[in-house]
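Okay, structure first, notes after.
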Amino acid sequence: MTTESTISKKICVFCGSGFGNKPAYADDATLLGQKIAEKGWGLVYGGGSTGVMGAVARGCATSGGYVHGIIPEALIARERTTEDALNTKLKESIDNHDGSTPIPDSKEYGKTTLVKDMHTRKRMMGEESEAFVALPGGYGTLEELMEVVTWFQLSIHNKPIVIYNLDGFYDNFLKFIDDAISSGFVSQKNGEIIRVATTVEGVLNEIENYVVPEGRFNLNWKDA
Ligand code: AMP
């Protein structure tokens, strides 16, 4: 069993709260979760139990890996309703919230932290992780991905960002980036921020071999 003190790095995975229309979306999410556990890494994710998101968490946690889900109260109130510890804590914290509320470990979803809003969740996910991976998903996934990409571009962090382009799911998005480069809105160097993998192993390799592209804006955020 991997614990927070023994893991070498934490990977934040953004992905759909739905399953999509191909079994491979959830199957490969499960596999990625298992591989993260096997490597002795940890998983940070959005804390839900549904869709691709639930699959990656269960894959990691049930393989003995460290999982930390960070989720706003408004979202968790709609799911994981059968977990007593979580529900007791949720009731206590709803009127008396002090920023973030840790929930005891679940076998399937690891540690959960309840937060007040989406901004707190994304800040915590970003700060706690050493790399970001986007699996197939919808608006939520894209928004989370683009936030860490723009933060990278602004030198707020320099952590690897990898898209898992399963079955060409992200082809149109990658084409959009190429178009933005050729239209002069994204620099050639910033076009290298996102690395792309087409297999689960490839995702792990991209994280391990990530080279920070030069040429970002050199802004100072220390005093912000
Ligand atoms: P989407 O790609 O639109 O399905 O949104 C997925 C992302 O939005 C996840 O990474 C979560 O951070 C967040 N999200 C959306 N729905 C839920 C949910 N039911 N439970 C937890 N997080 C959710």
*asked:* Looking only at the stretch 7-44, filter to residues that are of a type in the set (Ser, Thr, Tyr) and in contact with a Phe, Trp or Tyr (Cβ under 8 Å, 6 or more places away or on another chain); which one of those is most open to solvent (accessible area, probe 1.4 Å)?
replied: 8
*Which helices (runs of 4 or more DSSP H) sit wholly inside the stretch 130-224 and have at least 1 residues that are surrounded by 12 or more Cβ atoms within 10 Å (Cβ to Cβ) and more than 21 Å from the chain's Cα centre (by Cα)?*
171-182
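In the stretch 45-55, which residues are open to solvent by 40 Å² or more (accessible area, probe 1.4 Å) and either in contact with a Cys (Cβ under 6 Å, 6 or more places away or on another chain) or more than 16 Å from the ligand (Cβ to nearest atom) (or both)?
The initial filter retains those residues of the stretch 45-55 that are open to solvent by 40 Å² or more (accessible area, probe 1.4 Å), namely 50.
Correct list: empty.
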*Do any strands (runs of 3 or more DSSP E) lying entirely in the stretch 15-107 carry at least 1 residues that are among the aromatic types (Phe, Trp, Tyr) and at pLDDT below 95, and which ones are they?*
none
*Answer from 200, 133 - the residue that is in contact with an Asp or Glu (Cβ under 7 Å, 6 or more places away or on another chain) and either touching a residue at least 40 places away in the same chain (Cβ under 8 Å) or of a type in the set (S, T, N, Q) (or both)*: 200
*Which one of these does residue 125 not meet: (1) out of contact with any Pro (no Cβ under 9 Å at 6 or more places or on another chain); (2) more than 14 Å from residue 44 (Cα to Cα); (3) within 12 Å of the ligand (Cβ to nearest atom); (4) not charged (D, E, K, R)?*
(2)
*asked:* Just to be sure I understand the filter: pairs with C-beta atoms under 8 Å, separated by 6 or more residues or on different chains, first member in the stretch 138-158 and under 25 Å from residue 48 (Cα atoms), second member assigned to a helix (DSSP H, G or I) and within 16 Å of the ligand (Cβ to nearest atom). Which pairs pass?
replied: 142/173; 144/122; 144/125; 147/122; 147/126; 148/126; 151/126
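The values are calculated or read from the model by the stated rules, or taken from the named source; none is laboratory data. Because the structure is a prediction, the values reported are computed rather than measured. Cβ sites come from the backbone with ideal geometry, for glycine too, and all protein chains shown count toward neighbours. To get the accessible areas, we keep the full protein, side chains included, count just its heavy atoms, and leave off ligands, DNA and RNA. Shrake-Rupley method; radii C 1.70, N 1.55, O 1.52, S 1.80 Å.
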